[in-house]
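Below you'll find the structure, written out as structure tokens, and then a few comments.
The values are calculated or read from the model by the stated rules, or taken from the named source; none is laboratory data. Fair warning: this is a prediction, and the values are worked out from it, not measured in the lab. Cβ sites come from the backbone with ideal geometry, for glycine too, and all protein chains shown count toward neighbours. Only protein heavy atoms, including side chains, enter the accessible area calculation; ligands, DNA and RNA are left aside. Shrake-Rupley method; radii C 1.70, N 1.55, O 1.52, S 1.80 Å.
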Amino acid sequence: MTAVRPAPMFRRAALALSLIAALAACQRGQDAVAATAQPAPKQQAAHRVDSERGPVQVVEVATGLEHPWAVALLPDGGFLVTERAGRLRRVGADGAISAPIGGVPAVWAQGQGGLLDVILAPDFASSRRIYLSYAEPGPDGSAGTAVASATLGEAALSEVKTIYRQQPKLEGPNHFGSRLAFDRQGHLFVSQGERQQRMAAQELDKLQGKLVRLNADGSVPADNPFVGRDGARPEIWSYGHRNMQSLALDPRTGALWEAEHGPRGGDEINRPQAGKNYGWPIVTHGIDYSGLKISEAEGKEKPGMESPYHVWEKSPALSGMAFYVNQPQSPWNDSLFLGALADGSLIRLSLDGDKIVAEERLLKELDWRIRDVRVSADGKVFVLTDESDGKLLRLDPPAAK
């Protein structure tokens, strides 16, 4: 008896179903791994890289993080790390990774959206409060940058409160920002992107493309520059920004610095002042990804708009920023570090006071996208790589000569 072979259409359908089942099983396996803790490695891998000031030891503190986005240094020597997919982890100094910490707000993890920055409250030692920025889902597939405060417990967050929401929420997967920083007066700064709605960065009734300044509870400080002005959001500190993924306070002076992505070229550092317009998209050093001029652009400068404090004509794709100061024993003293995604490097800017006098690019030979950088009180530099198998690195600076 001759066997009856299934028709091609049925064979294709069966193959498609088997592929779907296999992919679903693979995803379940990945999700199961993501939900588990990881023990400390038996040995932390180390690399020796050269720098202008001498050899640098690079230690892989932890691996296996899925697109980690931000790291906060805990007083006990451990770390909090966000993963863009929506997970918050504890990482021990020995490299052990906790299961995801419970209580994280709902995250819109698509494109560049997800769980973004994490910082400790200024009084963390007593309050155990932390702050998270993230892409928050909205109606009909929209999303916007949001900030929540919470109390950190051993396995979960408690007293979780959303204290800021970018309005209006928009569709699209890109340009959420976002970094957080406290100033010396306890104000919380939130950097954001313009969600690829370029002119929204110039419109004061919208929060896209704005650096906002809040009190620690999310209320608006009475001395914000647009408080009481019709047609302007009172949260705004400065505007005309594109996509700010770097924000840090200079410990020497208390001045706030931020860096943002240009389009194709024109990444820039600014020192944002109250009520100032930083120009995007009217002034820019970049062009469109197509190679054409930005349609709204009128040049690289314009009266009434602030020029960048420092600019890169070719974009390294900046993300993460940290000052390395008050370390007189270190050859890296008086530096500003920035992560570079597209360039695959850690940028070190040498400072003479506030003036940027030189640039060095570290870790190029390792070819990792650098997403975040933080500096510990004892002068170690901690770096996150943006990979599906992301790493938390510790850089031991060159020895003093």
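Listed by chain and number, the aspartates and glutamates placed with their C-alpha closer than 18 angstrom to that of Lys42 are Glu60, Asp94, Asp389; residues fewer than eight positions away on the same chain are left out.
Our coupling estimate for region 35-52, obtained by passing each phi through the Karplus curve with A = 6.51, B = -1.76, C = 1.60 and θ = phi - 60°, is 7, 9, 7, 10, x, 5, x, 5, 8, 7, 4, 9, 10, 10, 10, 8, 9, 4 Hz, Gly and Pro reported as x.
Close amide H partners of Ala85, meaning residues 5 or more places away or on another chain with modelled amide H under 5 Å apart, are Leu115. Among residues other than Asp386 with Cβ under 13 Å from its Cβ, the summed charge is -3 (Lys and Arg +1, Asp and Glu -1). Each residue of region 349-355 is assigned a 3J(HN,Hα), and the resulting list reads 9, 7, 10, 10, x, 8, 7 Hz, derived from the Karplus form 6.51 cos²θ - 1.76 cosθ + 1.60 (θ = phi - 60°), x at Gly and Pro.
Within a Cβ distance under 15 Å of Val56, other residues only, what is the Lys/Arg minus Asp/Glu net charge? Intermediate results must be reported in sequence, preceding the final value.
On the way: positive: Arg48, Arg53, Arg348, Arg361, Lys364, Lys380, Arg394, Lys401; negative: Asp50, Glu52, Glu60, Glu360, Glu365, Asp396.
Neighbourhood net charge equals +2.
Calculate, for the chain, the solvent-accessible area per residue in square angstrom, rolling a 1.4 angstrom probe over the heavy atoms of the protein chains. Per-residue value: 43 Å². Shape summary of the chain, radius of gyration then Dmax from alpha carbon positions: 22.4, 90 Å.
Can you tell me how much longer the chain between Ala93 and Arg128 gets when fully stretched, taken as 0.36 nm per residue apart minus their C-alpha distance, in nm with one decimal?
Additional length available on full extension: 10.7 nm.
When the Cα positions of Leu363, Leu384, Ala400 are compared along the charge dipole of region 349-401, Ala400 comes out farthest toward the positive end, with charges on each C-beta of Lys, Arg, Asp and Glu.
Only lysines eight or more places from Lys302 in sequence, or on another chain, were considered; those with a Cα closer than 26 Å are Lys206, Lys210, Lys276, Lys293, Lys314, Lys355.
Can you compute the equivalent ellipsoid semi-axes for region 280-401, i.e. the square root of 5 times each eigenvalue of the Cα gyration tensor, sorted largest first and rounded to whole Å?
Details: eigenvalues 182, 75, 22 Å².
Gyration-tensor ellipsoid for region 280-401: 30, 19, 11 Å.
In straight-distance terms, cross-link reach from Lys401 covers every one of the lysines whose alpha-carbon lies under 20 Å from its own, apart from those fewer than eight places away in the same chain; here that gives Lys380. Each other residue within a Cβ distance under 11 Å of His310 adds +1 if Lys or Arg and -1 if Asp or Glu, for a net charge of -2.
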